[in-house]
Amino acid sequence: MQGAIVVLALATVAGCTGGEGEDEELVADSEREAAAEAVAATYPDAYQEFSLDDGDWGAFGGTYDQTRHSPLTEIGPDNVDQLGRAFSVDFLEQGAEATPPQNQTYPVVVDGVIYATTSFNHIYAIDGASGEVLWHFTPRGIGHFSNFGLSPNRGVAYCGDRLYMLTLDMRIISVDASTGKLVEQVDIPDAVEGAKPQLGYFNTAAPICYKGLLYVGTSGSDYGVRGFVMAYRADDLTPAWANPYWTIPPEGQDWRGAGRFHGGGSTASAVTIDPETDTVYVPVGVPSPVFFPELRPGPNPKTNSLIALDAFTGEELWWRQQLAEDQWNYDTFASPLVFDAEIDGETRRVVTVATKQGYLFCYDAETGEPIYERIQLLDRIEHPQLQPGKAVTIYPSALGGVNYNGSSYDPETNYEVVSTAETAAIIEQSESAEELERQRIAGDLDLGITSDAYFGLTPRGWHDYGTVRAVDLSTGEVAWRVRTPEPERGGATTTASGLTFIGGGDGVLRAIDTATGDVLWRFQTGNQIAAAPAVYEADGKEYVAVAIGGTFTSSFGGTASRIDVFALDGSQDRSEPPELSPSEEPPGSEAPPVWLSPLDADTLGLQVVAGEGGELNGQRGGEMVVTVPEGKTLNVTYSNQTGAARGLAVMPPGGGGPAFEGAATPGGARGVRDAEPRYFSFTADQRGTYWIGSPAQAAQGEQIVLRVAAPGTTPTLRADRQLFSVSEESE
């Protein structure tokens with residue numbers, strides 16, 4: 001009966017936008033109070049979950065306000081040099097089913113127990129003093145998770161002696177925090193219409209549980225999903241709001257009417273809650289197709305935005321957009337922070353958020369009034385307008401700026417410490433809406449670029465790196481800056497003793513003096529770090545825990561999955577640095593494989609070898625993709641090593657005669673009977689997609705895909721699941 005009361009109370013205000021008159025405001029306030037009382041009645045123990053003062057680290061950012069600041073002081077500037085590795089838990093050695101070697105978890109620690117997740121949605125409980133694994137939970141039905149590609153999980157929520165996790169395939173799972181036994185699970189699409197994984201929805205973020213309500217969003221902007229936030233009752237996982245809060249219009253309406261299946265506006269990081277006002281602050285991502293704004297005209301309201309909602313009703317209070325008409329994939333991704341700051345000599349309640357574009361924004365927490373806008377957090381911010389079929393270099397790339405990584409606010413200095421990834425990419429926009437829409441169905445990746453590299457190509461000679469900055473909230477100016485050799489994708493954690501802990505893609509965990517920016521301590525963990533530390537107390541001792549492993553998207557991570565925990569008098573044995581280059585050349589930064597090479601400014605050389613099994617250049621079924629600009633001449637060298645009679649031709653998809661004049665070996669489909677090299681040359685003078693293969697084998701699908709793009713397009717070769725750009729200058 002109590003559940004019915006909650007839903008009824010919320011239904012009366014879910015669509016309210018706030019009145020201008022005093023009477024309407026009083027009515028809205030009374031309805032919100034009624035909703036809050038109803039929630040409290042159904043979950044009476046929801047108000048005292050954990051305490052930073054008792055040594056807990058109870059949420060994604062430590063507390064509901066996501067400030068990532070610990071009051072613990074045992075470890076400080078005077079003794080941090082004695083900090084060492086107390087223990088490690090290697091999740092790849094725990095016998096878990098098919099755990100990928102990657103990790104971005106943000107540990108939660110309550111009563112001295114660490115709760116950490118891994119890829120494929122495993123949960124571990126670890127004794128925070130000894131490192132003993134207390135229990136391990138594996139969700140059912142994870143066999144298909146390998147289809148998701150990137151599959152990290154960034155943590156759990158703790159509420160009422162239960163843990164809550166969001167899965168890749170859009171489930172909410174509740175387990176007993178003491179035993180790890182499953183309590184409840186629900187499918188998010190049951191309450192959020194259409195939020196199905198087959199339509200592009202998925203989840204990697206940590207949920208937040210506050211006063212008995214669990215707050216859930218989604219990833220998937222790049223797949224054209226419709227972003228939302230939804231609240232559930234933590235005790236039984238039934239909907240607490242009458243309807244989800246949708247961040248963008250329904251399909252086909254307003255700016256979503258110009259293209260098929262486009263959307264975005266997902267909330268892919270943990271929300272932030274102000275416990276003083278019961279306000280939820282929601283970071284909202286990009287519109288899609290992100291690199292092709294023609295199909296979503298206008299500013300796309302509420303994408304790339306910060307939105308404030310009433311925690312109990314889901315009513316919108318205000319919103320601010322950080323970037324309108326985005327065409328560079330610069331989400332407002334990271335969780336906001338809410339805190340009291342000294343600004344112009346007075347204390348103000350503020351909410352801040354940093355973006356992938358590389359700026360920090362600060363607003364009045366109650367009204368959304370801007371206080372500081374576009375405080376620069378990167379060394380280089382440069383992103384020209386994209387052009388159809390033209391290569392454009394942007395700084396940062398879609399993987400740069402402030403991604404999901406959390407910032408930290410230190411009240412002693414009034415500094416917000418922000419870590420960043422200084423990156424660059426070459427982006428080539430699709431040539432036309434028709435090209436982009438031709439084969440599209442719901443749930444397809446929806447980027448709007450011609451490249452097979454989802455985040456663009458790395459400019460030749462560029463290497464990503466990291467920076468850490470402290471922003472003085474008194475002035476809005478940067479107080480200090482630290483440069484690191486690899487991107488800082490994890491985030492910062494500050495302590496009341498004056499330290500900032502932060503780990504980078506180079507595998508080094510650092511302790512920085514928060515007041516000065518001096519690096520006081522370094523520890524090489526041996527693998528990439530792409531998560532922020534948690535600071536906690538167990539058995540009266542202070543510890544620092546951080547996830548190790550990262551993912552392949554930055555610093556060539558994704559080679560480990562573990563938790564390293566540090567304490568005073570821990571081991572000083574450092575690990576060997578991680579390998580910071582791939583086994584093969586990284587996309588775009590070095591010369592490509594020999595299959596494609598520049599001969600002069602107008603000509604490329606293409607080598608094709610048909611192997612004994614019929615594969616071309618060692619790859620099957622169109623795995624190799626060659627992209628060249630219209631008007632480029634290709635000199636083709638062909639060696640038939642199949643033992644059968646097979647010629648080679650450039651054909652329309654599905655087979656047929658040569659697509660260009662001279663684009664075939666002499667003698668027809670079976671005109672080459674030995675391995676002696678044959679040659680032909682042609683000019684790619686018509687845009688489109690073609691097959692390079694044997695006309696005799698076209699039906700079997702053994703071909704190299706040739707894409708002829710707009711003049712000026714950067715030639716590329718996709719091989720062995722990597723993408724290489726080819727210099728048009730003679731080598």
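Computed quantities for the displayed model
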| read-out | value |
| --- | --- |
| Failed criterion for Gly517 (all others in (1) crowded, with 24+ Cβ neighbours inside 10 Å; (2) in a loop (DSSP other than H, G, I, E, B) hold) | (1) |
| Counted residues, region 229-245 - those being under 15 Å from Leu309 (Cβ atoms) and surrounded by fewer than 17 Cβ atoms within 10 Å (Cβ to Cβ) | 1 |
| Tyr223 being under 16 Å from Val280 (Cβ atoms), buried (at least 20 other Cβ atoms within 10 Å of the Cβ) and of a type in the set (Phe, Trp, Tyr) | no |
| Filtered residue count, region 371-387, keeping only those that are within 20 Å of Glu325 (Cα to Cα), in contact (Cβ under 8 Å) with a residue 12 or more places away in the chain and surrounded by fewer than 17 Cβ atoms within 10 Å (Cβ to Cβ) | 6 |
| Matching residues in region 315-345 - criterion: being surrounded by 18 or more Cβ atoms within 10 Å (Cβ to Cβ), of a type in the set (Gly, Ala, Ser) and within 25 Å of the chain's Cα centre (by Cα) | Ala334, Ser335 |
| Failed item in (1) in a loop (DSSP other than H, G, I, E, B); (2) over 16 Å from Asn153 (Cβ atoms), with Glu184 passing the rest | (1) |
| Set Thr475, Thr495: member being polar (S, T, N, Q) and surrounded by fewer than 24 Cβ atoms within 10 Å (Cβ to Cβ) | Thr475 |
| Residue, surrounded by the fewest Cβ atoms within 10 Å (Cβ to Cβ), within region 256-298, restricted to residues that are more than 26 Å from Gly406 (Cα to Cα) and among the aromatic types (Phe, Trp, Tyr) | Phe261 |
| Selection from region 268-297 of residues that are at pLDDT below 95 and on the phi > 0 side of the Ramachandran plot | none |
| Qualifying strands (runs of 3 or more DSSP E) (wholly inside region 286-365; at least 1 residues being of a type in the set (Phe, Trp, Tyr) and touching a strand residue (DSSP E or B) at 6+ places or on another chain (Cβ under 6 Å)) | 316-321, 337-343, 359-364 |
| Enumerated strands (runs of 3 or more DSSP E) restricted to region 463-512, each holding at least 2 residues that are at positive phi | none |
| Hits in region 73-109 - residues which are modelled with pLDDT under 95, out of contact with any Ser or Thr (no Cβ under 8 Å at 6 or more places or on another chain) and either part of a loop (DSSP other than H, G, I, E, B) or β-branched (Val, Ile, Thr) (or both) | Gln94, Gly95 |
| Filter result (at pLDDT below 95, assigned to a loop (DSSP other than H, G, I, E, B), hydrophobic (A, V, I, L, M, F, W, C) and crowded, with 21+ Cβ neighbours inside 10 Å) within region 139-181 | Leu168 |
| Matching residues in region 259-269 - criterion: being within 15 Å of Pro301 (Cα to Cα), in a loop (DSSP other than H, G, I, E, B) and touching a Pro at 6+ places or on another chain (Cβ under 8 Å) | His262, Gly263, Gly265, Thr267 |
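This table checks each residue for (1) among the hydrophobic types (A, V, I, L, M, F, W, C); (2) within 17 Å of Gly155 (Cα to Cα).
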| residue | (1), (2) |
| --- | --- |
| Glu74 | no, no |
| Pro77 | no, no |
| Ala86 | yes, no |
| Thr99 | no, yes |
| Val108 | yes, yes |
| Tyr115 | no, yes |
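The values are calculated or read from the model by the stated rules, or taken from the named source; none is laboratory data. All values derive from a computational prediction rather than experimental measurement. In this analysis, Cβ positions are derived from the backbone assuming ideal geometry, glycine residues included, and neighbour counts consider all displayed protein chains.
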